[in-house]
1. Taking the range 150-201, which residues are over 21 Å from Asp117 (Cβ atoms), part of a strand (DSSP E or B) and of a type in the set (Asp, Glu)?
2. For the range 130-149, which positions are in a strand (DSSP E or B) and touching a residue at least 40 places away in the same chain (Cβ under 8 Å)?
3. Which of the residues spanning the range 145-186 are loosely packed, with under 14 Cβ neighbours inside 10 Å and more than 25 Å from the chain's Cα centre (by Cα)?
4. Quick one: which strands (runs of 3 or more DSSP E) sit completely within the range 45-102 and have at least 2 residues that are within 24 Å of the chain's Cα centre (by Cα)?
5. Kindly check whether there is at least one residue in the range 90-108 that is free of Cβ contacts under 8 Å to residues at least 12 places away in the same chain, in contact with a strand residue (DSSP E or B) (Cβ under 9 Å, 6 or more places away or on another chain), closer than 16 Å to Gly159 by Cβ and not hydrophobic (A, V, I, L, M, F, W, C).
6. Show the residue pairs that are 6+ apart or on different chains and have beta-carbon atoms under 8 Å apart, the first residue being within the range 23-36 and in a loop (DSSP other than H, G, I, E, B), the second being surrounded by 12 or more Cβ atoms within 10 Å (Cβ to Cβ) and of a type in the set (Gly, Ala, Ser).
7. In the range 56-74, is there at least one residue being buried (at least 21 other Cβ atoms within 10 Å of the Cβ), small (Gly, Ala, Ser) and modelled with pLDDT of 95 or more?
8. For the range 104-129, which residues satisfy the criterion of being in a strand (DSSP E or B) and over 16 Å from Val200 (Cα atoms)?
Amino acid sequence: MKSHIFGVLVAALFWTAAVPAATVSTIFTLDPATAAANRLTLSIGGGSADTDLSGTIDALIEIDFATGVISSLEFVGGGITTTDWLIASVPALGGASLETEGSTATADSTPPLTGVDPAGNFDATEHLILLTGGTTTARNVPLTDGPVETSLANTPIPGTGTGTLLATRSGDQFDLVLTMNINETLSLVDQDLNILGSVVAQGSITAIPEPAMSFALCGAVAGLCLTRRRRVS
């Protein structure tokens with residue numbers, strides 16, 4: 001009986017160790033804004049301005065803990081803010097000014113858990129920054145009686161092209177680097193607003209997953225051992 005129980009314990013531990021892949025949650029923190037990352041250039045009607053992104057992206061990733069290869073990615077939320085921006089004169093709007101204040105955003109994916117290839121590449125069009133707040137105000141627009149305000153809430157800004165998600169082993173964790181380009185055109189005050197830039201963020205996950213299943217199985221087997229000993233005695 002003892003040898004049988006020992007065999008079950010070894011098999012349980014072996015089975016758990018043989019399944020290294022898991023879906024885990026992580027938080028990506030956006031890098032400080034620079035000309036190359038997390039700074040979006042906004043162009044409309046002959047005028048332009050920049051806005052800087054900051055904050056975090058909540059995500060689920062599927063990773064093979066044995067190799068560090070990531071096979072899926074899903075944005076599930078986050079808290080992102082953008083700096084206020086002003087275009088003092090928009091030629092296409094007769095010299096009207098545009099300014100935006102209080103913009104906030106989260107992150108989402110469609111469909112959930114989109115694929116990542118072994119090289120870390122993914123389809124960026126399946127992931128987006130979703131504006132949750134903010135207002136754009138156009139002032140001195142010809143043939144209007146006053147400022148024209150536009151709410152930015154629920155405005156999606158998807159990625160473009162191919163993004164990358166790379167994992168590098170560092171001691172007891174994997175360091176993650178996420179990169180996604182943006183090149184989107186929205187309609188604002190009857191004009192095309194082009195948004196161009198890159199989102200770059202970093203995160204980390206523990207390299208060895210919590211062995212909850214192993215402990216549970218060990219506990220169950222230990223319980224069997226104690227029960228057997230009590231019955232024998």
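1. Answer for the range 150-201, where residues must be over 21 Å from Asp117 (Cβ atoms), part of a strand (DSSP E or B) and of a type in the set (Asp, Glu): Glu184, Asp192.
2. So in the range 130-149, the residues in a strand (DSSP E or B) come out as 130-139, 148-149.
Selection gives Gly134, Thr136, Ala138, Arg139, Val148.
3. Within the range 145-186, Asp145, Gly146, Pro147, Glu149 meet the criteria.
4. Numbers: elements: 47-64, 70-82, 85-90.
Here the list reads 47-64, 70-82.
5. Taking the range 90-108 first, the residues free of Cβ contacts under 8 Å to residues at least 12 places away in the same chain are none.
No: the range 90-108 contains no residue that is free of Cβ contacts under 8 Å to residues at least 12 places away in the same chain, in contact with a strand residue (DSSP E or B) (Cβ under 9 Å, 6 or more places away or on another chain), closer than 16 Å to Gly159 by Cβ and not hydrophobic (A, V, I, L, M, F, W, C).
6. Asp31/Ala37; Asp31/Ala201; Pro32/Ser54; Ala33/Ser54; Ala36/Ser198
7. yes
8. Of all residues in the range 104-129, those in a strand (DSSP E or B) come to 104-109, 114-116, 121-123, 127-129.
Answer for the range 104-129, where residues must be in a strand (DSSP E or B) and over 16 Å from Val200 (Cα atoms): Thr104, Ser109, Thr114, Gly115, Val116.
The values are calculated or read from the model by the stated rules, or taken from the named source; none is laboratory data. Just so we're clear, the structure is a prediction, and the values are computed from it rather than from any experiment. Because the Cβ atoms are built from the backbone with ideal geometry, glycine has one as well, and the counts that use them run over all protein chains shown.
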